[in-house]
1. Please arrange A:340, B:41 by counting, for each residue, the other beta carbons lying within 10 Å of its beta carbon, fewest first.
2. Tell me, A:90, A:326 in order of fewest to most beta-carbon neighbours within 10 Å?
3. Once the Cα atoms of chain A are picked out, what are the Rg and Dmax in Å?
4. Grab the DSSP H runs of chain A that are 4 residues or longer, score each as -39,500 (n - 2.57), total them, divide by all residues and round the 222 nm result to the nearest 500 deg cm²/dmol.
5. Between the range A:163-224 and the range A:81-144, how many Å separate their Cα centres?
6. What is the gain in length, in nm to one decimal, between residue A:45 and residue A:260 on full extension, counting 0.36 nm per residue of separation less the C-alpha to C-alpha distance?
7. So how do B:61, A:101 line up by other beta-carbon neighbours within 10 Å, fewest first?
8. Normalising by the residue count of chain A, find the relative contact order in percent from Cα pairs under 8 Å and 6+ residues apart.
């Protein structure tokens, strides 16, 4: 954990986040999967130097993805996540910490995080360091009498531990230009694979058969990102970002994005964004291994394949100032929609084991991501 | 251990910088930051929304991190 530090010199006091409440409804639909649910955040200053926040988030999952259909039946599941956090300011320094708990029938995750940020050089620069620690418990659900008959049994198959270190700098470059730089290292060890996925190999009879996946029990990744935001003279903003990621599983990924924000009329703000992502495959990934037990580590997880995705988004915000209750300062209604297209370079939907791999096209799908939320400041 | 030492070294270097040399004067004065204070210039104007979108991408992609948001784990297969 980074040492706490106090700086002398020119500077102004740090500022706590605004008191606000957000009620959001999210919806993901694509690839045979629908995930929707609420996210509720409430934040309030309890003293001049302490702000507390709580968040409740739900994923209601209905999945008939290619992975599910290739080995099982469509299923429904609910994940619930709760978190609490605190921000404490002392002079130029902000100390933040929190705890997140996520529960679903076959996966339990506990996460704790701490961070320190300091503004300096007349608040032109803000430096932050953070540490996150996670403890996961991984299970596998089975239905001895079939999914439709119920009677779920959960077997706990392993644990996974995570440690993340973050460092970031936010820098005012000019009166119109902001720069953000982020670094993050994450280390994971333990059971790091999905118990539901299996690898595929080409059997001697020319059919596709399945075998258990085996992934390494450690993974270390490093990410660095850069973000710029520029104020345009007609009261608008344009931003760009780039991230590179590389890990010990051999995945190298690049993300590039851009956005534009334009207030219109008195109360509306419109925004548009585009994002492009591409990654190389993990070194032990293959869509179809040449024969059974061909290597020590084998995975056919799509998330570890070589692919690219591109998403476009549009959003609209309407700001209002309610006359009642008097303690409400302002509110916004927001609607955002992102359309994502993902195309795999080395993943085919072979379906259930026993079929031929011939003539099956590369897999890809489109997904819609919708967010509707109301935010209130008080 | 190695990462903790790296972060601690960075923190100590940052802490000692103003003590060891004169800090640069702000080249953007407080009264020139009107545009920067505009809500449209915030990197993260809606944390709940941005955290959700980061989560939606992270579940389906191999890369993670350096987005500015902190998330918990999930068995999102």
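No value in this document is a laboratory result; all are computed from the given coordinates. None of these values were measured; they are calculated from a predicted model. All Cβ positions, glycine included, derive from the backbone under ideal geometry; neighbour counts span all protein chains shown.
1. B:41, A:340
2. Ordered by Cβ neighbours within 10 Å, fewest first: A:326, A:90.
3. 23.6, 75
4. It lands at 0 deg cm²/dmol.
5. Using only Cα atoms, the two centres lie 18 Å from each other.
6. That works out to 74.2 nm of additional length.
7. Lowest count first: A:101, B:61.
8. Here the relative contact order equals 13 percent.
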